[in-house]
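Undergrad: After the structure tokens below, expect a handful of questions from me.
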Amino acid sequence: MIKKLLFTVALVITSVNVFAQISSLPATESFEATFIEGTNSTFITNWTGNTVAAPSSRIFRDDVDFYSAPAALSIIPTSSFDGDVQVSLNLTNYQSVAVSFLAKSMLNGAGTRDAVLTMTTSIDGGTTWIGSAPVASLPNANQTTFTNFTYSLPVAANNQSNVLVRFYVTRGATGTSTAAKLVIDDVTILQSTAPQITLSQTALSFTQVSGVASQSQSVTVSGSNLLGDVTLTAPTNFEISLASTSGFTASLNLTPVSGNLVSTPIYVRLNSASNGSFSGNLAVTSSGITTQNVVLSGNCVTPTLTNPAPLVISNSNAYSILTQWDNTNNGGAYPANMALWSHSTADPDLNTLFVEDWSCLYSLTSRSRFTGEGVNGISMINTGNSQFTGVCDGTNPTQTTGISITSGRAGAIVLALNTTGVTDAYSINIYWTGRTILQNLRAYGLRMQYRIGNGAGNPNADWMEFPTTEEYLSGADNTSTDKYTSLPMSCNGQPLVQVRWVYYYISGTGTRAQLALDDVSVDVATLGNHNFALENTDFMLYPNPSNKELVHLSTSQNIMVYDLSGKVLLTEKNAVFINTNSFSSGIYFVKTDTGITKKLIVE
């Protein structure tokens, strides 16, 4: 069958680059031309790919599996590669544009993961993306027939001159090992006159803590050529609103303007009066359109989290909390005065609800987990999957199917303090180290929060941010940052103060960053003299870390050196260096008689 390319190419020429856009509709692409291999480059006219390679790798011209000869576009996602193919459009004279194409999956290796296609649109040349819609999820199997799929561009793309449509292919969240090869052929881009609605999600899952509505999630609705209002109806136990935190109800009506409904976020939450599992469809209807559904599911549970026993602290003392956590520690064991909390959200934000303690082993190497990193502390990483119960407790280390832990994703490390022995003349200061074990593709952070008391028994209540945001953001592999945080004075003299480091999603797609918390210690210092020199450039130690050598002081100081237990190791006046040859590897503090304190690491 002879293929033809039925679109007009508009060239915009600058002194540096040549840009092409499809500017006449309808247009088709059958991937007949030879692909130009490269990274983030145009592989055929108007089409770019993030990694176009030889056959059977990444994005490639497939002359084995196709709908019409001689070839098709194939994409193979991996654990470290998401396929990103974009087509450039000038839609100055068009609205209600849709992209239709034929696709199927083919077996790739022995894995059991789907290849998942999500499509999005940019109207500013790729700076921002809108109208995200999950289009297909196809199994790792040899499908014999192609299926027709359609993606409707959001209304905001109407009459826009700088439009990109993205085909984004990832591995499925469930299954193991390799994902399917996705084959795409005979793409048609056309202006539609039929009523259409586009949804950004096809399914949402929730966890609700008993007595409190779940955190809301959003689905974006847009439409064109509409003949009447768009009505959304939530199933029993679920609610919807146009705002993220208020105004929730069972149904909503959205009124289009001149037949167009601009992209509108609808917020959905689970709000059940009783514990249990719930499901149903958020129905989206409008005249002349087949009802579209967003599948909702969720659980309402009573949290079973541990509040750790508090460490009793007092004036003028220092305390070591966490310096090492080995992967041989038993599941369900925690460092003294700490607990590890988990939840059910693959990419948690700072409002994600915590439900269960982490009870699994610390030696796991796949799926969501806390890991003992030895002298590098405790790390956290989430994946699309929670741990299987047998893998978690060690009873079935090779388990690949069956029951998984509902709330088994890494969430937070919690520290408890009893500060009744700390008066208002003193400051409670927490030293800690944020560490990136693996940077990976999705950026994550460790956000430090605190609360006085235990939230009246609710583990998710009363948490507060520090006056200045206290957090560590993922960096390059095997890098770290030493931090210190002073607790607000309201935390002094309290029978219980809790501090937590929340592992949370920031941005990006692909594999998530693996972050560790390390070297946590508490110092109770005189408030009047306290001036932590992690921010003070008048007095510095170098080299720091020290390899058991002379550590020089940038200016002569009267100093006292003590270890994490508070034991004084050295007192010296007018010191210009510290000989660390006899020091054991670890963390020490150097205090001056003016109250400046510095952290010294001996390796």
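Undergrad: Name the residue that is nearest to the chain's Cα centre (by Cα), counting only residues in the stretch 93-117 that are of a type in the set (S, T, Y) and modelled with pLDDT under 95.
TA: T112
Undergrad: Looking at the stretch 376-393, which of its residues are open to solvent by 30 Å² or more (accessible area, probe 1.4 Å) and without any contact (Cβ under 8 Å) to a residue 60 or more places away in the chain?
TA: T389, the sole residue that qualifies.
Undergrad: So, one more: If I ask for residues that are farther than 23 Å from Q208 by Cβ and either among the hydrophobic types (A, V, I, L, M, F, W, C) or surrounded by 13 or more Cβ atoms within 10 Å (Cβ to Cβ) (or both), which ones from the stretch 459-479 would you list?
TA: E465, F466, E470, E471, Y472, L473, S474, G475, A476
Undergrad: Can you pull out the residues in the stretch 260-273 that are small (G, A, S), assigned to a loop (DSSP other than H, G, I, E, B) and touching a residue at least 40 places away in the same chain (Cβ under 8 Å)?
TA: S272
Undergrad: Something else now. What's the total number of residues in the stretch 104-125 that are in a strand (DSSP E or B) and not β-branched (V, I, T)?
TA: 8
Undergrad: State yes or no: is T352 among the hydroxyl-bearing types (S, T, Y), open to solvent by 30 Å² or more (accessible area, probe 1.4 Å) and either assigned to a loop (DSSP other than H, G, I, E, B) or under 30 Å from L270 (Cβ atoms) (or both)?
TA: It is false that T352 is among the hydroxyl-bearing types (S, T, Y), open to solvent by 30 Å² or more (accessible area, probe 1.4 Å) and either assigned to a loop (DSSP other than H, G, I, E, B) or under 30 Å from L270 (Cβ atoms) (or both).
Undergrad: Within the stretch 381-429, can you find the residues that are over 28 Å from the mean Cα position of the chain (by Cα) and not in a strand (DSSP E or B)?
TA: T395, N396, V422, T423, D424, A425
Undergrad: Another question about this same structure. Tally the residues that are open to solvent by less than 50 Å² (accessible area, probe 1.4 Å) and either over 26 Å from S224 (Cα atoms) or of a type outside the set (G, A, S) (or both), restricting the search to the stretch 181-193.
TA: Final tally of qualifying residues: 9.
Undergrad: For the stretch 346-366, name all the residues that are touching a residue at least 40 places away in the same chain (Cβ under 8 Å) and either within 21 Å of G175 (Cα to Cα) or aromatic (F, W, Y) (or both).
TA: A346, D347, F354, W358, C360
Undergrad: Just to be sure before I move on: is D124 among the acidic types (D, E) and in contact with a Leu (Cβ under 6 Å, 6 or more places away or on another chain) in the structure I sent?
TA: no
Undergrad: Here are some conditions: (1) in a strand (DSSP E or B); (2) surrounded by fewer than 16 Cβ atoms within 10 Å (Cβ to Cβ). T328 meets all but one. Which one does it not meet?
TA: Exception for T328: condition (1).
Undergrad: Criterion first (in a loop (DSSP other than H, G, I, E, B) and of a type outside the set (G, A, S)) does Q201 satisfy it?
TA: Answer is yes for this residue.
Undergrad: I've got another one for you. Any residue in the stretch 579-587 that is assigned to a loop (DSSP other than H, G, I, E, B), modelled with pLDDT of 85 or more and surrounded by 15 or more Cβ atoms within 10 Å (Cβ to Cβ)?
TA: Yes, the conditions are met somewhere in the stretch 579-587.
Undergrad: Suppose we keep only residues that are touching a residue at least 24 places away in the same chain (Cβ under 8 Å), open to solvent by 40 Å² or more (accessible area, probe 1.4 Å) and not in a loop (DSSP other than H, G, I, E, B) within the stretch 441-458. Which one would you say is farthest from T469 (Cα to Cα)?
TA: R442
Undergrad: I've got another one for you. Of (1) of a type outside the set (V, I, T); (2) open to solvent by 10 Å² or more (accessible area, probe 1.4 Å); (3) in contact (Cβ under 8 Å) with a residue 24 or more places away in the chain, N429 satisfies all except one. Which?
TA: (2)
Undergrad: May I pose another question? So L102 ticks every box in (1) touching a Phe, Trp or Tyr at 6+ places or on another chain (Cβ under 6 Å); (2) farther than 24 Å from R61 by Cα but one. Which box is left unticked?
TA: (2)
Undergrad: Consider T345 carefully, then state whether it is modelled with pLDDT under 95, of a type in the set (S, T, Y) and either out of contact with any Ser or Thr (no Cβ under 6 Å at 6 or more places or on another chain) or crowded, with 18+ Cβ neighbours inside 10 Å (or both).
TA: In short, yes.
Undergrad: May I ask you to list pairs of residues, at least six apart or on different chains, whose Cβ atoms are under 7 Å apart, with the first in the stretch 85-103 being assigned to a loop (DSSP other than H, G, I, E, B) and the second being open to solvent by 10 Å² or more (accessible area, probe 1.4 Å) and of a type in the set (A, V, I, L, M)?
TA: N90/A10; Y94/L25
Undergrad: What about L261, is it at pLDDT below 95 and aliphatic (A, V, I, L, M)?
TA: Judged against the criteria, L261 is a match.
Undergrad: Quick check on the stretch 527-567: of everything there that is modelled with pLDDT under 80 and hydrophobic (A, V, I, L, M, F, W, C), which residue is farthest from K598 (Cα to Cα)?
TA: Top of the filtered list is L527.
Undergrad: From the list T178, T220, T198, T170, pick out the single residue that is surrounded by 22 or more Cβ atoms within 10 Å (Cβ to Cβ) and under 24 Å from the mean Cα position of the chain (by Cα).
TA: T170
Undergrad: Considering only the stretch 35-65, how many residues are loosely packed, with under 14 Cβ neighbours inside 10 Å, more than 29 Å from the chain's Cα centre (by Cα) and at positive phi?
TA: Of the residues in that region, 1 qualify.
Undergrad: Here's something else I'd like to know. How many residues are open to solvent by less than 10 Å² (accessible area, probe 1.4 Å) and outside any loop (DSSP other than H, G, I, E, B) if we restrict to the stretch 355-371?
TA: 1
Undergrad: May I pose another question? So for the stretch 322-335 (the condition being at pLDDT below 95 and farther than 27 Å from G586 by Cα), does at least one residue qualify?
TA: No: zero hits.
The values are calculated or read from the model by the stated rules, or taken from the named source; none is laboratory data. Computed from a predicted structure; not experimentally measured. Cβ: placed from backbone, ideal geometry, glycine included. Neighbour counts: every protein chain shown. Just the protein is used for accessible areas: all its heavy atoms, side chains included, with ligands, DNA and RNA removed. Shrake-Rupley method; radii C 1.70, N 1.55, O 1.52, S 1.80 Å.
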